[in-house]
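Below is one structure, written out as structure tokens; the observations come after it.
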Amino acid sequence: MAIHHSRIVLLFFFLYATFTIFCYASNVSEAKTKPTKLITKLIHRNSIHSPFHNPHHSIEDKAKFIFENSLARFTNYKTDLAAGTDMGLLFLVRFYIGNPAISQLAVMDTASNLLWVQCSPNWYISRRSPIPLLDPLKSSTYASMPCKSEFCSYFPSSSCINEQCTYNISYVNAPPSTGNAATEQLLFESDENIVVVPQVIFGCSKVNKEYIDGGINGVFGLGPKKLSMARQLANKFSYCIGDFYDPNYNYNRLILGDEARLEGDTTPLEMSELHYYLNLQEISIGENTLDIDKKVFIRNITDKSKLSGVIIDSGSVATWLVNEAYYRFRNEVKRILGDSIVDTKECRWCLCYEGTMAQNLTNFPEVVYHFSEEAVLEVGFDGIFYQATASIFCMAVYPSSRLPDKPFQDATVIGVMAQQNHNVAYDLQEKKLYLESIDCQVYEG
């Protein structure tokens, strides 16, 4: 029987990761409390360090990913991330779970509130899976959560079966995650050491073939609610995103815990059940401040039928602006670059030009998002545009009115491309967001 190439790649990555954990075994020390500093690599979905990397991807393939990922991210209003598909699958976190330790790859998501991984006590299923699965019966550090636990009620759609707390997360365009609430030991490769995090609350999910075939163990939720990894590790985290386009780039980082890098400009951070919100005051391109009524960026918390305000997101590649802001933005770009726009088959309404970013955008002025308390996010042309073909580049700022779900069409979303070359830090306790322009390679020192 022929074995699919992608499964061979996935198997190699997980075997290598498992071997690595044993090489570090001498540096592992048992932790009695949650660590104060945990720094780990973020793996971009299309990086050479990802099992999803395709060395044959063309410029057009990469452009299609940017466009389709950004659209698909918002097809699941009032649910968590559609994990296990390409929707929101942008950055991966590698960690190890249980004792003996099992290597895991999970989707990092600031709009999900739970860490869950696939579990299987069935030897036959585990043996046939291309990704390693946690067997709770074989792990000495696994503990199921009783229904009487104070944390049981915080799990999504929690219920009680045989005095065991269970949960159910529904997704619009992906299978649900259903299983048992539990605690388990996690291990992270951090600064060439292994950091042990005991008694992490997580979801031990029933196996789903679609997730297994997709090579995803689960979701690493960093959302605002009580059970997220952000809440469990000192209410602080930061991430640094460097070169989004280079598949060889290896300096993206995630820091969890008290020593998250809280540096740079600060601005108030608001939270809903799923999203993090900022107070955007204005947008400037070069010396010109766009004539936008700041009221279009205000969050309306009384209307539950739709989202509004400004969301900062880890799962959307592009940035989405409400219509009034988008067309002011678009018109200023056209004033700078000219009206000779071109159509592309992927997106008839996108703003695209003939040429290359390297040649045509070297003098393009900086775009600055101005937030309350004088915090700024400064974005270069590589955070605004992408190369669509060898001879066409397009703007990765889109109108929210084009989103497939109407409830999102009044929201502005700051995507990952705009966050490039920044350390973005979340302090959930103090309700502050930090923005620092930085070379992510600083973490190598």
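The values are calculated or read from the model by the stated rules, or taken from the named source; none is laboratory data. Because the structure is a prediction, the values reported are computed rather than measured. Positions of Cβ are generated from backbone atoms using ideal geometry, with glycine treated the same way; all protein chains shown enter the neighbour counts. Keep in mind that these areas ignore ligands, DNA and RNA; they rest on the heavy atoms of the full protein, side chains included. Shrake-Rupley method; radii C 1.70, N 1.55, O 1.52, S 1.80 Å.
A few notes on this one:
- If you take all other residues with their beta carbon under 11 Å from the beta carbon of Gln441, and give Lys and Arg +1 and Asp and Glu -1, the sum is -2.
- In this structure the amide hydrogen of Gly415, modeled in the peptide plane, comes within under 5 Å of the amide hydrogens of Thr319, Trp320, none closer than 5 places in sequence on its chain.
- Along segment 93-106 the Karplus relation, 6.51 cos²θ - 1.76 cosθ + 1.60 evaluated at θ = phi - 60°, assigns HN-Hα couplings of 10, 9, 8, 10, 9, x, 9, x, 6, 10, 5, 9, 10, 10 Hz to successive residues, with x for each Gly and Pro.
- Our analysis of segment 342-445 gives Rg over Rh at 1.02, with the two radii drawn from alpha carbon positions and Rh computed by the Kirkwood formula.
- Computed accessible area, Arg253, all protein chains, 1.4 angstrom probe, square angstrom: 10 Å²
- Solvent exposure, largest accessible area first (probe 1.4 Å, DNA, RNA and ligands not counted), of Ser103, Ser170, Ser272: Ser170, Ser272, Ser103
- For the chain, the Kirkwood radius over C-alpha pairs fed into Stokes-Einstein at 10 °C and 1.306 mPa s yields D = 71 µm² per second.
- For Ile392, the residues whose amide H sits under 5 Å from its own are Gly355, ignoring neighbours fewer than 5 places away on the same chain, with H placed 1.01 Å from N.
- Summarising the amide proton neighbourhood of Gly223: residues at separation of 5 or more, or on other chains, whose placed amide H is nearer than 5 Å comprise Ser112, Asn113, Leu114, Met229, Ala230.
- For segment 257-316: span of alpha carbons on each principal axis (Å, largest first): 40, 36, 21
- For segment 190-290, alpha-carbon Rg over 2.2 N^0.38 Å: 1.40
- Residue pairs exceeding 26 angstrom between C-alpha atoms, taken from Lys37/Lys304; Lys226/Lys431; Lys294/Lys334; Lys138/Lys206; Lys225/Lys306: Lys37/Lys304.
- Student exercise, the chain dipole from Lys, Arg, Asp, Glu Cβ charges, in Debye to nearest 20: 1520 debye
- Per-residue SASA entry for Arg261, accessible area with 1.4 Å probe, Å² rounded to 10: 70 Å²
- Degrees, to the nearest 10: 59-72 long Cα axis against longest axis of the chain: 80 degrees
- Relative contact order (percent, whole number), the chain, Cα cutoff 8 Å, 6+ residue spacing: 19 percent
- Exposure rank, largest accessible area first [Lys406, Lys62; 1.4 Å]: Lys406, Lys62
- Net charge dipole, segment 197-338: roughly 500 debye, given to the nearest 20, about the Cα centre with Cβ charges of +1 for Lys and Arg and -1 for Asp and Glu.
- Segment 298-339 and segment 186-232 have their alpha-carbon centroids 31 Å apart.
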